[in-house]
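One structure below.
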Amino acid sequence: MTSVATEIISTDAGDARITWHRARKARLVLALSHGAGGGIEARDLRAIAAELPAHGVTVALVEQPWRVAGKKLAPAPKTLDVGWRGLWPALAKPGFPVIAGGRSAGARVACRTATELGASGVLALSFPLHPPGKPEKSRADELLGAGVPTLVVQGGNDPFGKPAEFPKGTHELVEVPYGDHGFVVPKRAEITQERALEIITGAVVTWSASRG
């Protein structure tokens, strides 16, 4: 049975919140933050938090200070990084290797700070490779510059970057067929929404097995 607890952490960007989903016999911590348009209630984050503790992974769902403060718009990337850095000591406190991760903007933060913080890997869910319709404004340098083993889980129809658009690099990439930026699959798709979430959690379980 998973133990769930909430913790408020003070950072230079304001108070952040960690919701811990602790594994009974943990071997590593997976820290996941949300995107710029939502919170930790995202379907992929919830699914991972429900599944991974059974595999020895304590999941820490991180709410950035702007969400805790009730604001509707995310601040600049540098401010997001400040909040994430401020949280890191609490994430590392259990003494296990920490995988940094998140969805969309949260994935970008994890990539930008992974090396300096000593993350054992990065999990990038729905990495926003470029703004919709603007492939020339690529953020590939953030992904390729993570400097640690990286898993990208990307929807097949993500307008922020389809799997085929991603550059070759040191990262692994798993496609969720038909999925959009929130991993929603159309009712007419050949896979169900439940199957889409199984693909996500299955990929994370397999990949994280070698991280700690």
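The values are calculated or read from the model by the stated rules, or taken from the named source; none is laboratory data. Everything numeric here is computed off the predicted structure, so don't read it as measured data. Cβ atoms come from the backbone with ideal geometry, glycine included; neighbour counts cover every protein chain shown. Side chains are part of the model used for accessible areas, which takes the heavy atoms of the whole protein and leaves out ligands, DNA and RNA. Shrake-Rupley method; radii C 1.70, N 1.55, O 1.52, S 1.80 Å.
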Inset, instruction - Could you check, for the range 58-74, whether at least one of its residues is free of Cβ contacts under 8 Å to residues at least 40 places away in the same chain and closer than 16 Å to residue 113 by Cα? - result: no
Inset, instruction - Scan the range 1-29 and report the pairs whose first residue is over 30 Å from residue 75 (Cβ atoms) and whose second residue is modelled with pLDDT under 95, with Cβ atoms within less than 7 Å and a gap of 6+ or a chain change. - result: 26/94; 27/212
Inset, instruction - Find the residue count for the range 3-39, including only residues that are within 15 Å of residue 66 (Cβ to Cβ), hydrophobic (A, V, I, L, M, F, W, C) and either buried (at least 21 other Cβ atoms within 10 Å of the Cβ) or touching a Phe, Trp or Tyr at 6+ places or on another chain (Cβ under 7 Å) (or both). - result: 2
Inset, instruction - Hey, can you tell me all the residues within the range 179-188 that are modelled with pLDDT of 95 or more and either touching a Cys at 6+ places or on another chain (Cβ under 8 Å) or surrounded by fewer than 19 Cβ atoms within 10 Å (Cβ to Cβ) (or both)? - result: 180, 182, 184, 186
Legend entry - Filter pass, residue 206 being under 14 Å from the mean Cα position of the chain (by Cα), in a helix (DSSP H, G or I) and either among the hydroxyl-bearing types (Ser, Thr, Tyr) or surrounded by fewer than 22 Cβ atoms within 10 Å (Cβ to Cβ) (or both): no
Legend entry - Residues that are surrounded by fewer than 13 Cβ atoms within 10 Å (Cβ to Cβ) and either among the basic types (Lys, Arg) or farther than 16 Å from residue 122 by Cα (or both), drawn from the range 159-178: 164, 167, 168
Inset, instruction - Mind telling me which of the residues 146, 90, 114, 119 ends up being free of Cβ contacts under 8 Å to residues at least 40 places away in the same chain and in a helix (DSSP H, G or I)? - result: 114
Legend entry - Residue under evaluation residue 63, criteria (1) open to solvent by 60 Å² or more (accessible area, probe 1.4 Å); (2) out of contact with any helix residue (DSSP H, G or I) (no Cβ under 9 Å at 6 or more places or on another chain), criterion not met: (1)
Legend entry - Test: residue in the range 189-197 that is assigned to a loop (DSSP other than H, G, I, E, B), open to solvent by less than 40 Å² (accessible area, probe 1.4 Å) and of a type outside the set (Ser, Thr, Tyr): yes
Legend entry - Residue count, the range 85-106 (criterion: within 18 Å of residue 19 (Cα to Cα) and within 12 Å of the chain's Cα centre (by Cα)): 6
Inset, instruction - Please indicate, with yes or no, whether at least one residue in the range 151-158 is among the polar types (S, T, N, Q), open to solvent by less than 10 Å² (accessible area, probe 1.4 Å) and either modelled with pLDDT under 95 or in a strand (DSSP E or B) (or both). - result: yes
Inset, instruction - Would you confirm whether any residue within the range 135-144 is farther than 18 Å from residue 87 by Cβ, small (Gly, Ala, Ser) and surrounded by 19 or more Cβ atoms within 10 Å (Cβ to Cβ)? - result: no
Inset, instruction - Examine the range 45-60 for a residue that is touching a Gly at 6+ places or on another chain (Cβ under 7 Å) and either open to solvent by 20 Å² or more (accessible area, probe 1.4 Å) or part of a helix (DSSP H, G or I) (or both), and state whether such a residue exists. - result: no
Inset, instruction - State the number of residues belonging to the range 167-188 that are farther than 14 Å from residue 45 by Cβ and either part of a helix (DSSP H, G or I) or of a type in the set (Gly, Ala, Ser) (or both). - result: 2
